[in-house]
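Step one of this worksheet: look at the structure below.
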Amino acid sequence: MRRGASAVRRRTRRDAPNLLDVAPIRVADWVTDGERLVVIRPRPRSRGLLLPLDWLAYFMAVRRIRLDEVGTAAWRLFDGARTVGEVAELVRDQFGDAVEPAEQRLGHLVRLLHRERLVCYRALDPLPPPGSEGRELPPERPR
């Protein structure tokens, strides 16, 4: 190791997991809006000095993410039992050529959802405590 280099090694693309082999689990709640889903960003749960920064990031970020038809179909299949590759095959069967390239499209979606902490990877991330997995909420009543 070089002198002055950090002992903590930063994750590179070479170290990144093959997304087709991971099984994402939904950790955010969602509501159905017609035929599409709206994913609701969970509130921060951190403690200590990170709490104000997490709340600031929460208030500055989009709290509700509306998925398209393909994202909605994939979200419903992210149950922790199916890998992204298996979900890509099921989505391809449902939408045909309109979703191609399915693996790249779902890989981008899963990376985005993982970065935003809306899904976690079963084999790589610490699993959420039982009962804290995402769930479908009843639709909101008009005001």
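Computed from the coordinates by the stated procedures, all read-outs in this text should not be read as laboratory data. Bear in mind the structure is a predicted one, so any value in this text is a computation, not a measurement. Note that we place each Cβ from the backbone using ideal geometry, even for glycine, and neighbour counts take in every protein chain shown.
Would you kindly state how much longer the chain becomes between Arg43 and Glu116 on full extension, computed as 0.36 nm times their sequence separation minus their alpha carbon distance, in nm to one decimal?
Taking Arg43 through Glu116 to full extension adds about 25.1 nm, to one decimal.
For the pair Trp55 and Arg76, how long in nm is the line joining their label points, each one 7 Å along Cα→Cβ?
Distance between the two pseudo-spin positions: 3.8 nm.
Hand me the trypsin sites (Lys or Arg not before Pro) from region 22-72 located in a DSSP loop with no more than 13 other Cβ atoms within 10 Å, in residue order please.
Loop-located and lightly packed - Arg45, Arg47, Arg63.
Could you work out how far apart the two model spin labels at Gln94 and Glu69 are, taking each label as a point 7 Å from the Cα in the direction of the beta carbon, and quote it in nm?
Going from the Gln94 label point to the Glu69 one covers 1.1 nm.
Would you pull out the residues with amide H under 5 Å of Val119's amide H, same chain only if 5 or more places away, H placed 1.01 Å from N?
Amide H to amide H, under 5 Å and 5 or more residues apart or across chains, Val119 pairs with Val27, His114.
Only Lys, Arg, Asp and Glu count, each charged at its Cβ (+1, +1, -1, -1), so figure out the dipole size of region 19-121 about its Cα centre, rounded to 20 debye.
In total the dipole reaches around 780 debye.
Per q in 0.10 Å⁻¹, report the Debye log10 I(q)/I(0) for region 19-121, using one uniform scatterer on each alpha carbon and no solvent.
At q = 0.10 Å⁻¹ the computed log10 ratios are -0.30.
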